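Q: Here you go, one structure.
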Amino acid sequence: MEKKFRKIGVLTSGGDAPGMNAAVRAVTRAALARGVEVMGIYGGYSGLINDKMIELKARSVSNIINRGGTFLYSDRCDEFKTEEGMQKAIETCKKHGIDGIVAIGGDGTFRGATDLSVRGIPTIGIPATIDNDITATENSIGFDTAMNTVLAACDRLRDTCESHARCNVVEVMGRGAGDIALNTAMALGAVAVVIPEVAFDEAACMEKIRRLRADGKRSFLVIVSEGVENFSEGLAKRIQAETGVETKYACLAHTVRGGDPTLSDRVFATKLGVAAVERLLAGESNLVLCQQKSEIVAVDIVYSQCLDRYYKGTLKDGMLEKFSDAEKAEMEKAIAEKKEEFRKYYRMINDIAQ
Ligand code: F6P
């Protein structure tokens, strides 16, 4: 028996990601098609605390599927982490008759979603972060667009590097995750990639550039993830000093996070938005929607957060205790596979023997 939902709230929280608008559109249209009203909450959880929201109709979400950023705005809200902030948010939900929330964002967003769920507001998370750093899912909204943005910028840098026989070291976003750097380095045929997941062999990089230059190669791209902190600019100087190849440095910073979403992000966001509404209306809650082996599946939100912490080495005492041995083994397998994938492709890109 489906729970009778009258109204759902939708919010975007944390760093914005191209495709968030497409997800809000899908949530809105899927809910309206099922006779459920939708409230768009402004500025993430702070909108819930401060009662800043607007009723969304089909017309409110037209012409946004193609736009980057988030028209609901976003915020990283510290007040929501306090019991007082949480209570204010729950009061706002009661005041507006909001029966459930779709929370679109990254791991911080899901922590907030869990807090709402345990206090009686059913919540489903949709992964949206350019970093792709939610371990339970192979993909997150905005990741594909961000990678394509890096690709376009680096193709331009390559043109001018080739003309002037230069190297360019390019730092890309990703917080603590090397996903954007690794995948774009692969797609660009970069001479080297530097990611937080694997120790960088700088001597091998220098040797490779010297060897390729001696063989006549004019231009080089080196992609560095921002997760390897305070490294990229110095690396550019060392490459020039040690190989004799003139080397420039570029930090793409927030340009990686803006721009119109790609087809892949629009479609993915739309599918996740529809799935979130279907599951909420079927009475499900406290889940994060994930892509696993190309399928959209629902993962317990607490499991997803523990898996993340396990992977990142930030587990706190007792966090794993609630999980069965089989679940822990499953987490360890997923972590080992992810680490092995990073190691394998880091070595391939950097020409290091497997
Ligand atoms: O999480 C998305 C992200 O763009 C990271 O890649 C980056 O490290 C961070 O957010 C930047 O955050 P802010 O926009 O708050 O400076």
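The values are calculated or read from the model by the stated rules, or taken from the named source; none is laboratory data. Just so we're clear, the structure is a prediction, and the values are computed from it rather than from any experiment. All Cβ positions, even for glycine, are placed from backbone atoms using ideal geometry, and neighbour counts span all protein chains on display. The protein model used for the area step is the full one, side chains on, heavy atoms only, and it has no ligands, DNA or RNA in it. Shrake-Rupley method; radii C 1.70, N 1.55, O 1.52, S 1.80 Å.
Q: First measure r as the distance between the Cβ atoms of residue 187 and residue 330, then evaluate 1/(1 + (r/R0)^6) with R0 = 35 Å and state the FRET efficiency to the nearest 0.05.
A: The calculated FRET efficiency here is 0.70.
Q: Can I ask one more? With unit charges on the beta carbon (Lys/Arg positive, Asp/Glu negative), name the residue among 219, 38, 148 whose Cα is farthest towards the positive pole of the charge dipole of the chain.
A: Ranked along the dipole, the leading option is 38.
Q: Contact order normalised by length for the chain, with contacts defined as Cα pairs under 8 Å and 6 or more residues apart; what percent is it?
A: Answer for the chain is 22 percent.
Q: For residue 352, what charge total do you get from the other residues with a beta carbon under 13 Å from its beta carbon, if Lys and Arg give +1 and Asp and Glu give -1?
A: 0
Q: Just to check I understand the Karplus step: with θ = phi - 60° and J = 6.51 cos²θ - 1.76 cosθ + 1.60, what whole-Hz values come out for region 11-26, glycine and proline as x?
A: 9, 10, 9, x, x, 5, 8, x, x, 4, 4, 4, 5, 4, 4, 5
Q: Please give the calculated 222 nm ellipticity per residue for the chain, where each DSSP H segment of at least 4 residues contributes -39500 (n - 2.57) and the sum is spread over every residue; nearest 500 deg cm²/dmol?
A: So the calculated ellipticity at 222 nm is -14500 deg cm²/dmol.
Q: Which of 206, 20, 86 moves most in a GNM of the chain, Cα contacts under 10 Å?
A: Result for the chain, Cα springs under 10 Å: 206 fluctuates most.
Q: Report, by chain and number, residues whose modeled amide H sits under 5 Å from the one on residue 74, excluding near sequence neighbours (fewer than 5 apart, same chain).
A: Counting only residues 5 or more places away or on other chains, the set is 43.
Q: Residue 117 accessible area, nearest 10 Å², 1.4 Å probe?
A: For residue 117, solvent-accessible area is about 20 Å².
Q: Tally up the carbon and sulfur contribution to the accessible surface of the chain as a whole percent, 1.4 Å probe, everything protein left in place.
A: About 49 percent, which is the carbon plus sulfur part of the accessible surface.
Q: Let me make sure I get this right: for region 137-219, a, b and c are the square roots of the gyration tensor eigenvalues over alpha carbons, sorted descending. Under 1.5 in a/c it's rounded, otherwise prolate if a/b > b/c, else oblate. Which is it?
A: Taking the square roots of the gyration eigenvalues as a ≥ b ≥ c, region 137-219 is oblate.
Q: Something else now. Could you work out how far apart the two model spin labels at residue 7 and residue 292 are, taking each label as a point 7 Å from the Cα in the direction of the beta carbon, and quote it in nm?
A: 3.5 nm
Q: OK, next. Multiply the residue separation of residue 248 and residue 230 by 0.36 nm, subtract the distance between their alpha-carbon atoms, and state the gained length in nm to one decimal.
A: 4.9 nm
Q: With every protein chain present, what is the per residue accessible area of region 144-254 (1.4 Å probe, Å²)?
A: Solvent-accessible surface per residue comes out at 43 Å².
Q: Ordered by residue, what ³J(HN,Hα) values in Hz, to whole numbers, does region 180-185 give under the Karplus form 6.51 cos²θ - 1.76 cosθ + 1.60, where θ = phi - 60° and Gly and Pro are x?
A: Karplus-based 3J(HN,Hα) across region 180-185 equals 5, 4, 4, 6, 6, 4 Hz.
Q: Roughly how many nanometres apart are two label points built 7 Å out from the Cα toward the Cβ at residue 347 and residue 95?
A: Computed distance between label sites residue 347 and residue 95 equals 5.8 nm.
Q: If we count every other residue with Cβ under 9 angstrom of residue 232's Cβ, Lys/Arg +1 and Asp/Glu -1, where does the sum land?
A: Charge balance near residue 232 sits at -3.
Q: Right, here's the next one. Under the rule a/c < 1.5 gives rounded, and otherwise a/b versus b/c splits prolate from oblate, where does region 246-323 land using the Cα gyration tensor?
A: Cα axes put region 246-323 in the oblate bin.
Q: Suppose the chain between residue 84 and residue 278 were pulled fully straight at 0.36 nm per residue; how much longer would it get relative to their current alpha carbon spacing?
A: Full extension of this stretch gives 66.7 nm more.
Q: Could you go through region 212-218 in sequence order and give the Karplus-derived ³J(HN,Hα) for each residue, using 6.51 cos²θ - 1.76 cosθ + 1.60 with θ = phi - 60°, rounded to whole Hz, and x for Gly and Pro?
A: Per-residue couplings from phi come out as 5, 5, 4, 8, x, 5, 8 Hz.
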